[in-house]
1. Taking each pair of distinct Cα atoms in region 421-516 once, what is the resulting Kirkwood hydrodynamic radius in Å?
2. Cα atoms only, region 135-241: Rg and Dmax in Å?
3. Under a crude label model (7 Å from the Cα following the beta-carbon direction), how far is residue 136 from residue 324 in nanometres?
4. Skipping prolines and chain starts, which residues have an amide H placed within reach, meaning under 5 Å, of the one on residue 407, given they are 5 or more residues away or on another chain?
5. Report ³J(HN,Hα) in whole Hz for each residue of region 320-336, in order, from the Karplus equation J = 6.51 cos²θ - 1.76 cosθ + 1.60 where θ = phi - 60°; Gly and Pro get x.
6. Count the net charge of all other residues whose Cβ sits under 11 Å from the Cβ of residue 414, scoring Lys and Arg as +1 and Asp and Glu as -1.
7. When all C-alpha to C-alpha distances in region 352-475 are sorted into bins of 5 Å, what percent of pairs does each bin hold, rounded to whole numbers?
8. Against the 2.2 N^0.38 Å scaling, with N counting residues, where does region 323-388 land? I'd like the Cα-based Rg ratio to two decimal places.
Amino acid sequence: MIDNSSSPMKKRKANDGRATADGTHDVNTGNTNDGGGFLSSWFGYFSGQRDGASSGQSRDENNTSQLDRMEVMMMRMEEKLATVESRCETLEAKCSSLENMLVSTSRSTKEHIDRKFDSLYLHLDQKCSSLENRLETKVDTVHEKVERSLKFHEYNEMLIKNQSWEYSADVDTTDELIDSGYTYDEAEFIAENAQDLKSITTKMRRGEFPYERYGNEKGVHIDMDNVVVPQDGDAVNNMLLPHWKEFAAALKQFTPAINLLHDEGEGYFHFDNVQLGHNAMLLIKKALIGKPFRTLSFTNNDNGEDDPAGMSVDAILDIVESSKHLRELGIGRNRIGRDHIERLCSAVHTLPALVVLDLSNCFEPDIGDAMLASLLASGGLKLEKLVMDDNNITSGVSTVLADFLATNPRLKELHLEHNNLNYSDAALIATALRSNTTLRYLHLHGNDITDVGAESLRLALYDESSLNATADSNHTCTVYIRIWLAINDHNSHEQRQINRGWKIYSILSTRNETMSNVQHFGNIDVKLLPNVLDAVQKYATSVYDSEVNPLSIVYEIMRKWDKAMTCWKC
């Protein structure tokens, strides 16, 4: 601490002499103390009038001496000021250093706290997510148990209600019907179908599915294909109507059994080759509305006359539009008119689970083209399998079809057998296949493809002209232009990279027989060279009818490695 009483400023004020009235200075030089002598000199200055006896020479000496002392004092004061300034600078530097340290420490502390907070937040978030997942899993498990319990409850209630049920319609034998005036064909038709309907109805009343296929797929299947249709259809239909009533009533209350099955399998409903009267059709349609079947199939129900022999297309569409769980829909050998196209396309796009559509033999000339064009051009088609066999499809829709396939849609299987496509249509399809990686099967047998069209398709699947052309080929699709005869079988594996490798190795092995592989390296994309050696290593044993040792190919390539490296750099 600096004593304020001895500060330079106060010393200057203490030595601030004032002139006396007669213009002289009275300075006391007797005291040599820096502080006291200076004050005494000034005191003498003010008391000069009282003393007034000093001589001029004495005053000059005293003044000189006093000025010397003042000069010395000023020098000391300057030294002290310099010291103080140095100390101030040191303090300022320390303060700046402390401030920097404080800022650095604050920043470091903040970063540390932020890291700790982020770590803690992440840990808590992970714990919360884990707990949330566990809770959701338990909730889902509980929900599934509750839902399954409710399904069992509904199923048991259905069984309880059916305990007192009895089949009310009479089942007459063929002889009894003949005695009633029916012809043999009519009597046989009625007797066999009445017995089948009773058997199916009885099983449904017991909570059982009449048929089972492919493991857990169970369903209701009515097929009258093996029965000769009688000439007097009205009389037969009237005779079978009581049995259709029993069947429709059993089907209507069968929903709990279908719901319970969906936990382990899928339910289907097939209605094939069935002759129905109008009243029976309405009963069955009402029973099928809203039923949670995953598969619906209505085949060969239209005999080509004005009145449908089975379920009409309008009735089928009513059923389809109410089936929110539907995955597969088949309408075969029914007469679908132009006025049904918009409604059918709307149902295909609207039903969330529908991925398989079979419309075989449903369209007259021109209408088949219109249906396929409307289906493909509407956008967002989620079908994975489409069957349009025997529908009079022509070249008029081939461009739409090719453009659709080129967009790489979800479609995995396409059936266009027995239509009117030709070799130019095959060329368009082949071009589209080069950019398609999802279509697995394309069936074209029964069309006028010719050898020219077949070659276009073959080159799209496996172009051996160069390794680049092979690499750019389609590696996913198998095309059939004859029944069960594929153009090539190089795309048989589910993984397209494996198919691609097989093809590359096939070319390498063929060229190796004449040691000509390296001659083609000038045309190879440098990025493909690793695939060349990779194909040799991985797919040698997978290529059919190849007797070339893979080491022979590697040896051939290594002999010309300089040339290979030159191509690589290019």
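The values are calculated or read from the model by the stated rules, or taken from the named source; none is laboratory data. Everything numeric here is computed off the predicted structure, so don't read it as measured data. FYI the Cβ positions are ideal-geometry reconstructions off the backbone, even for glycines, and counts take in every protein chain you see. Just so you know, the surface numbers come from the protein's heavy atoms only, side chains and all, with ligands and any DNA or RNA stripped out. Shrake-Rupley method; radii C 1.70, N 1.55, O 1.52, S 1.80 Å.
1. Numbers: mean 1/r = 0.0737 Å⁻¹.
Over region 421-516, the inverse of the mean reciprocal pair distance is 13.6 Å.
2. 20.4, 70
3. Computed distance between label sites residue 136 and residue 324 equals 2.2 nm.
4. It is none; the list stays empty.
5. Rounded to whole hertz, the list is 4, 5, 9, 9, 6, 9, 5, 10, 10, 10, x, 10, x, 6, 10, 8, 8.
6. Working: positive: 385, 412, 440; negative: 384, 389, 413, 417.
That sum, taken over residues with Cβ under 11 Å, equals -1.
7. Distribution as computed: 2, 12, 21, 25, 20, 11, 5, 3, 1, 0 percent.
8. Numbers: Rg = 11.1 Å, N = 66, 2.2 N^0.38 = 10.8 Å.
With N residues counted in region 323-388, Rg over 2.2 N^0.38 Å equals 1.02.
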